[in-house]
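**Q** After the structure tokens below, expect a handful of questions from me.
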Amino acid sequence: MITRTVLLTAALVLTGLMACRPEADFIVVNARVYTVDEAHPIAEAFAVRDGRFVAVGSSADVSQAYSSARVEDMRGATIVPGLIDAHGHLVRKGLSMINVDLVGTTSIEDILARLRERDVRLPEGAWIEGRGWDQNDWPEIRFPTRHDLDAVFPSRPVLIERVDGHMSWLNTAALNAIGYDSLLMMPSPVGGRIGRDENGDLNGLFLDTASDMVLDLAPPPSRAVLRTAISLAFEEAARVGLTGVHEPGVKLDTLILYKQIAAEGNMSLRIYALAEGTGPLFRYLCSEGTMLGYKDLVWTRAVKIYADGALGSRGAALLAPYTDDPGNSGLLIHPEAELENLVQAVSGCDLQPAVHAIGDRANRVALNMFESLGDSVRRELRPRLEHAQVLDPEDLDRVAELGVVASMQPTHATSDMYWAEDRLGPPRLAGAYAWNSLHRSGVRLAFGSDFPVETVNPLAGMYAAITRQDSSGWPDGGWLPDERVSRDDALRGFTINAAYAAFMENEVGSISTGKYADFVVFDRDIMQVPAPELLTAKVAATYLGGRRVYDAQGAR
């Protein structure tokens with residue numbers, strides 16, 4: 001918690017508040033401003049001109065220096081820098097708002113009920129698609145099969161993804177539509193698994209690269225649907241105070257669509273796009289160079305590479321077998337030699353490698369790959385571990401030693417804590433969701449949510465980071481409480497550290513002169529209220545480059 005109240009004195013602010021300077025577009029006064037600027041962590045006011053902060057200080061000084069500017073009196077409201085989600089899927093979030101939302105379903109019967117609601121509104125032949133089921137939340141914890149869906153949907157194709165996006169569940173009609181016989185004869189792809197029953201027949205489940213395969217075979221959303229999905233995701237992001245999102249797995253056509261939306265003036269946040277593997281967008285960036293700041297809104301210099309799958313579907317690659325599945329150690333999506341070639345190819349194009357690594361084996365392999373790049377390349381490219389969820393304790397210090405950014409999602413811990421020990425066993429928990437251990441060793445923690453896997457609301461992430469409890473306050477004292485972080489560090493994870501992870505720390509991430517005027521107004525002091533109140537706090541307004549992109553009162 002910030003204990004030092006620093007209001008910039010007139011002497012300090014005169015560098016930004018000389019009367020001879022051009023007038024501001026507007027000033028904000030009478031606020032409690034948490035700047036995330038270590039030199040001046042608390043302020044009362046700031047001035048904005050041409051979309052950037054031009055002064056930060058006391059209400060009296062800012063008002064005097066910009067006496068003719070439009071005034072926004074915050075009447076004591078709390079303001080923080082625009083929040084940044086360092087790992088969120090905008091397109092998937094938008095599509096989840098269009099398709100069937102299965103998050104929170106508690107049984108197969110519950111899922112079927114939600115699918116029936118959509119079925120009656122669809123034309124003949126249309127697919128039912130959705131996402132969010134999690135067998136760990138069902139009374140009988142088992143993986144489903146196609147027959148569970150066939151009982152209600154014998155003829156309409158159904159394809160629904162697990163909450164983590166690493167497993168797809170299809171009914172027989174969907175399998176027939178994409179080629180049942182071909183899939184039946186096909187071996188599981190490298191880094192994936194085609195699910196089969198005891199007779200060798202398809203059971204309707206496809207894991208990791210096999211899931212990617214069937215998703216590619218399913219009918220794609222139209223461009224109009226994609227635009228609608230993106231618009232919905234933008235609105236939801238602004239509503240919860242996000243002014244930036246790092247989106248992993250972006251395709252070239254999606255990036256082109258983002259640029260078009262930015263050119264039209266319809267973008268309400270800044271996107272740092274991580275290209276999807278070594279596909280067309282990677283090849284474009286490799287040949288044409290990085291794109292840092294198209295219209296100040298669309299940025300890209302990174303490539304996402306999968307090392308493994310997810311813990312919930314037992315696809316995360318572990319050094320030893322799963323405690324609750326002794327014959328299974330998870331999956332590496334790519335053989336180690338191939339993964340090293342991918343990392344070298346990405347870095348060879350001056351692009352940032354961002355490796356999805358959840359299991360301790362996957363994280364070790366990724367760190368070995370990063371180490372092979374050499375010190376100077378790592379300093380330049382800031383390699384990222386996406387998730388860094390379970391590390392062998394011997395590898396915790398290596399992350400800092402190698403200068404690797406840990407892009408982590410606090411709400412994953414509070415979602416997984418009910419069953420993670422069953423998967424991993426007590427000894428491996430020493431390196432699981434180890435935010436504070438990594439922070440103490442000097443690692444930059446860039447926080448996100450992995451929405452739509454988790455809620456898009458960054459305050460839920462802050463709550464999880466500082467309490468390691470669920471919304472009911474369980475368990476007392478928090479799960480693995482030594483890995484809690486301070487409220488200041490949680491805010492830094494969603495602001496300046498996330499900005500650093502995208503090479504944007506000189507542009508966003510704090511309320512400092514010269515940076516874009518991205519900021520959020522809250523209905524209460526999120527840095528002082530009891531932790532449970534973070535879950536009920538509301539955004540009063542969100543500003544991007546000095547432009548109000550969300551107003552709780554309805555004004556835009």
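**Q** Do we find a residue being out of contact with any helix residue (DSSP H, G or I) (no Cβ under 8 Å at 6 or more places or on another chain) and not basic (K, R) anywhere in segment 402-411? Working first, answer last.
**A** Step one: of segment 402-411, the residues out of contact with any helix residue (DSSP H, G or I) (no Cβ under 8 Å at 6 or more places or on another chain) are none.
For segment 402-411, residues out of contact with any helix residue (DSSP H, G or I) (no Cβ under 8 Å at 6 or more places or on another chain) and not basic (K, R): absent.
**Q** What do you reckon, is S512 polar (S, T, N, Q) and either over 18 Å from M417 (Cα atoms) or over 20 Å from the mean Cα position of the chain (by Cα) (or both)?
**A** Considered against the rule, which asks whether it is polar (S, T, N, Q) and either over 18 Å from M417 (Cα atoms) or over 20 Å from the mean Cα position of the chain (by Cα) (or both), S512 comes out as yes.
**Q** A further question on this structure: Among the numbered criteria (1) free of Cβ contacts under 8 Å to residues at least 12 places away in the same chain; (2) within 26 Å of E235 (Cβ to Cβ), which single criterion is violated by R547?
**A** Single failed check for R547: (1).
**Q** Could you tell me how many of the residues in segment 105-130 are closer than 21 Å to P452 by Cβ and modelled with pLDDT of 90 or more?
**A** Number satisfying all stated conditions: 14.
**Q** Pairs please, first residue from segment 435-452 and touching a residue at least 12 places away in the same chain (Cβ under 8 Å) and open to solvent by 20 Å² or more (accessible area, probe 1.4 Å), second anywhere and outside any loop (DSSP other than H, G, I, E, B) and of a type in the set (S, T, N, Q), Cβ atoms under 7 Å, 6+ apart in sequence or on different chains.
**A** R444/N497
**Q** Can you name the helices (runs of 4 or more DSSP H) wholly within segment 118-213 that have at least 2 residues being exposed (fewer than 15 other Cβ atoms within 10 Å of the Cβ) and of a type outside the set (S, T, N, Q)?
**A** Numbers: elements: 146-150, 172-178, 180-185.
Ranges flagged: 180-185.
**Q** I've got another one for you. Go through L257, L232, L242 for me and flag whichever is farther than 20 Å from V453 by Cβ and not charged (D, E, K, R).
**A** Selected residue: L257, the only one of L257, L232, L242 that is farther than 20 Å from V453 by Cβ and not charged (D, E, K, R).
**Q** May I pose another question? Within segment 367-395, how many residues turn out to be surrounded by fewer than 23 Cβ atoms within 10 Å (Cβ to Cβ) and in contact (Cβ under 8 Å) with a residue 60 or more places away in the chain?
**A** Number of matching residues: 2.
**Q** In segment 55-78, what residues are part of a strand (DSSP E or B) and either surrounded by fewer than 24 Cβ atoms within 10 Å (Cβ to Cβ) or among the acidic types (D, E) (or both)?
**A** R70, V71, E72, D73, T78
**Q** Could you please find all residues in segment 480-495 being touching a Ser or Thr at 6+ places or on another chain (Cβ under 7 Å) and open to solvent by 30 Å² or more (accessible area, probe 1.4 Å)?
**A** Answer for segment 480-495, where residues must be touching a Ser or Thr at 6+ places or on another chain (Cβ under 7 Å) and open to solvent by 30 Å² or more (accessible area, probe 1.4 Å): just R484.
**Q** Can you find a residue in segment 156-168 that is in contact with a strand residue (DSSP E or B) (Cβ under 6 Å, 6 or more places away or on another chain) and hydroxyl-bearing (S, T, Y)?
**A** yes
**Q** Looking only at segment 316-347, which residues are small (G, A, S), assigned to a helix (DSSP H, G or I) and either touching a residue at least 12 places away in the same chain (Cβ under 8 Å) or in contact with a strand residue (DSSP E or B) (Cβ under 8 Å, 6 or more places away or on another chain) (or both)?
**A** Matches in segment 316-347: A345, S347.
**Q** Then there is this: Can you find a residue that is of a type in the set (S, T, N, Q), farther than 19 Å from A43 by Cβ, open to solvent by 10 Å² or more (accessible area, probe 1.4 Å) and assigned to a loop (DSSP other than H, G, I, E, B) anywhere in segment 512-532?
**A** no
The values are calculated or read from the model by the stated rules, or taken from the named source; none is laboratory data. Because the structure is a prediction, the values reported are computed rather than measured. No Cβ is skipped: glycine too gets one built from the backbone with ideal geometry, and neighbour counts run over all protein chains shown. Just so you know, the surface numbers come from the protein's heavy atoms only, side chains and all, with ligands and any DNA or RNA stripped out. Shrake-Rupley method; radii C 1.70, N 1.55, O 1.52, S 1.80 Å.
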